[in-house]
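Enquirer: This is the structure I want to talk about, given as structure tokens.
The values are calculated or read from the model by the stated rules, or taken from the named source; none is laboratory data. Small disclaimer: the values here were computed from a predicted structure and weren't measured. Positions of Cβ are generated from backbone atoms using ideal geometry, with glycine treated the same way; all protein chains shown enter the neighbour counts. Areas reflect the complete protein model, heavy atoms only, side chains present, ligands, DNA and RNA absent. Shrake-Rupley method; radii C 1.70, N 1.55, O 1.52, S 1.80 Å.
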Amino acid sequence: MSLPERYAFIAEWYDQNAAIMRSYQLLYYASDNTVEMYDIKNRRIFLKRSKVENLCFEDLFIGGTINVHSRQLNLVEYADEFTKKQLSSKKEKTLAMIKPDAVAKFGAIIDMIYRGGFLIVNAKMTKLSRKDAEEFYQEHVQRPFFDNLVRFMASGPSIAMELMSNSAVTEWRRLLGPTDSSMARSEAPNSVRAKFGTDQTRNACHGSDAVATGQRETSFFFAAPGRWKNTAKFSESSCCVIKPSAVLEGNAGQIMMAIKEAGFEVSALQMFHLEKANAEEFFEVYKGVVAEFTEMVQELCSGPCFALEITGKGPNTANDFREFVGPADPEIARTLRPNTLRAKFGLNKIKNAIHCTDLPEDCQLEVEYFFRILAE
Ligand code: CDP
Ligand code: MG
């Protein structure tokens, strides 16, 4: 008989009532999808081995967030050598950044990332200052192109992303292609730089060059979130959330492309993993009004989502965007409004791909909820 596959993690849960962080050893048994938890400080079983709904192996990685019986846990470390050995290259991480020259094409690039088999575990649109760019590219400070590079990186917003996959560092560099965009076009015509880069400097995206660099570069953007201001405008804008089930299906890039093609601009973008309390608060206005409130909340906190600030149509942005998103029920949308986002990407009334602000007067509140309250 072979040993059951058992993976061990250190998981943290913030106990709101006691206002303390609690640490657990969390064991995951792949054979029957069960979880067992030990309270480390009090040295006792916290959760008897049991099935956890909606949890799967893909959700288990360092830095990831999982929901166990309505508790949101953060996986902070591997808790044994077996788990570390098994998972560290399978769940390798790297930093990908969409540089200022390619931010307009971000949907197509994010689609290539998903199609390339990567998981996006963190994402944020932000604008680097010259100082930020100098720090990020410090290794090149002596190079003749340094000044030009720094000026370019500070010329507009970028999108920093943490990608995860088997051998993510090498695989993302492969998809990225050679540094020089014209060389990329001759040597790797299907690469990101071949398709979206312009020259040696304006080459669409960045990728870490080694595992250690990846760790340093992902920390640069995601370990101190307060350092990086988002780019939200908070005026003549609407809030769009690409829901967890659509993200899980790998449709986020396609949805972003469709939004751009319809003439909207995306002026802010960030990935969030909502806690249940936040999802309830965000959907507060639907409580008692919409029969599926509980399921809506459950869907919104079931995994990572993308929040976008939509602009581009002046004072008509909110109304036009809601029209483009379409009826709440994708079945109805497919019959009556087949060109809408929900008709194309929705599965059912709960997993309807997109949340968008209903009433124009709520737009600022919703944009602020993500880009001021949750982001800070
Ligand atoms: O980005 P990658 O790791 O492929 O190349 P690098 O050699 O680490 O250079 C960092 C960045 O500097 C490149 O992505 C280009 O944007 C820029 N560069 C440049 O402007 N001129 C060069 N001759 C080489 C690089
Ligand atoms: Mg490099």
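Enquirer: Do you know which of the residues in the range 233-250 that are buried (at least 21 other Cβ atoms within 10 Å of the Cβ) and part of a loop (DSSP other than H, G, I, E, B) is nearest to the chain's Cα centre (by Cα)?
Expert: Going through the qualifying residues, I end up with LYS243.
Enquirer: Could I ask something else about it? Given the options LYS131, LYS105, name the one that is under 21 Å from the mean Cα position of the chain (by Cα) and modelled with pLDDT of 95 or more.
Expert: The unique qualifying residue is LYS105.
Enquirer: Tally up the residues in the range 112-156 that are away from ligand 1 (no atom under 16 Å from the Cβ) and either open to solvent by less than 50 Å² (accessible area, probe 1.4 Å) or touching a residue at least 12 places away in the same chain (Cβ under 8 Å) (or both), please.
Expert: 17
Enquirer: Kindly establish whether THR218 is among the hydroxyl-bearing types (Ser, Thr, Tyr), within 30 Å of VAL68 (Cα to Cα) and under 19 Å from the mean Cα position of the chain (by Cα). Walk me through it before giving the result.
Expert: Values: among the hydroxyl-bearing types (Ser, Thr, Tyr): yes; within 30 Å of VAL68 (Cα to Cα): yes; under 19 Å from the mean Cα position of the chain (by Cα): yes.
Considered against the rule, which asks whether it is among the hydroxyl-bearing types (Ser, Thr, Tyr), within 30 Å of VAL68 (Cα to Cα) and under 19 Å from the mean Cα position of the chain (by Cα), THR218 comes out as yes.
Enquirer: For the range 61-103, name all the residues that are of a type in the set (Asp, Glu), open to solvent by 30 Å² or more (accessible area, probe 1.4 Å), in contact with a helix residue (DSSP H, G or I) (Cβ under 8 Å, 6 or more places away or on another chain) and under 21 Å from VAL211 (Cβ atoms).
Expert: none
Enquirer: Which one of the conditions (1) open to solvent by less than 80 Å² (accessible area, probe 1.4 Å); (2) free of Cβ contacts under 8 Å to residues at least 12 places away in the same chain does ALA168 fail to meet, given that it meets all the rest?
Expert: Tallying (1) open to solvent by less than 80 Å² (accessible area, probe 1.4 Å); (2) free of Cβ contacts under 8 Å to residues at least 12 places away in the same chain, ALA168 fails exactly one: (2).
Enquirer: Name the one entry in SER208, SER191 that is over 15 Å from LEU95 (Cα atoms), touching a residue at least 12 places away in the same chain (Cβ under 8 Å) and within 16 Å of ligand 2 (Cβ to nearest atom).
Expert: Matching residue, one of SER208, SER191: SER191.
Enquirer: When the residues of the range 1-54 are narrowed to those that are charged (D, E, K, R) and touching a residue at least 24 places away in the same chain (Cβ under 8 Å), which ends up least open to solvent (accessible area, probe 1.4 Å)?
Expert: Among residues in the range 1-54 that are charged (D, E, K, R) and touching a residue at least 24 places away in the same chain (Cβ under 8 Å), the one least open to solvent (accessible area, probe 1.4 Å) is GLU12.
Enquirer: Among the residues that make up the range 252-263, is at least one of them touching a helix residue (DSSP H, G or I) at 6+ places or on another chain (Cβ under 6 Å), open to solvent by 40 Å² or more (accessible area, probe 1.4 Å) and within 16 Å of ligand 2 (Cβ to nearest atom)?
Expert: No, the range 252-263 contains no residue that is touching a helix residue (DSSP H, G or I) at 6+ places or on another chain (Cβ under 6 Å), open to solvent by 40 Å² or more (accessible area, probe 1.4 Å) and within 16 Å of ligand 2 (Cβ to nearest atom).
Enquirer: Mind listing just one residue for me: the one in the range 171-199 that is among the acidic types (Asp, Glu) and buried (at least 16 other Cβ atoms within 10 Å of the Cβ) and, of those, nearest to the chain's Cα centre (by Cα)?
Expert: Taking the candidates together, the pick is GLU171.
Enquirer: So which residues in the range 207-232 are outside any loop (DSSP other than H, G, I, E, B) and within 26 Å of GLU376 (Cα to Cα)? First the steps, then the outcome.
Expert: Just the residues of the range 207-232 that are outside any loop (DSSP other than H, G, I, E, B), to begin with: 207, 211-222, 225-227.
Those that are outside any loop (DSSP other than H, G, I, E, B) and within 26 Å of GLU376 (Cα to Cα): GLY214, GLN215, ARG216, GLU217, THR218, SER219, PHE220, PHE221, PHE222, PRO225, GLY226, ARG227.
Yes/no per residue for (1) without any contact (Cβ under 8 Å) to a residue 24 or more places away in the chain; (2) not small (Gly, Ala, Ser):
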{"site": "ALA343", "(1), (2)": "yes, no"}
{"site": "ALA353", "(1), (2)": "no, no"}
{"site": "CYS356", "(1), (2)": "no, yes"}
{"site": "LEU374", "(1), (2)": "no, yes"}
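Enquirer: State the number of residues belonging to the range 166-188 that are within 13 Å of ligand 2 (Cβ to nearest atom) and in a helix (DSSP H, G or I).
Expert: 4
Enquirer: Still on this structure, please answer the following. Sort through ALA204, ALA184, ALA212 and tell me the only one that's modelled with pLDDT of 95 or more, in the same structural domain as ALA108 (by TED's automatic domain parsing), at positive phi and not polar (S, T, N, Q).
Expert: Among ALA204, ALA184, ALA212, only ALA204 is modelled with pLDDT of 95 or more, in the same structural domain as ALA108 (by TED's automatic domain parsing), at positive phi and not polar (S, T, N, Q).
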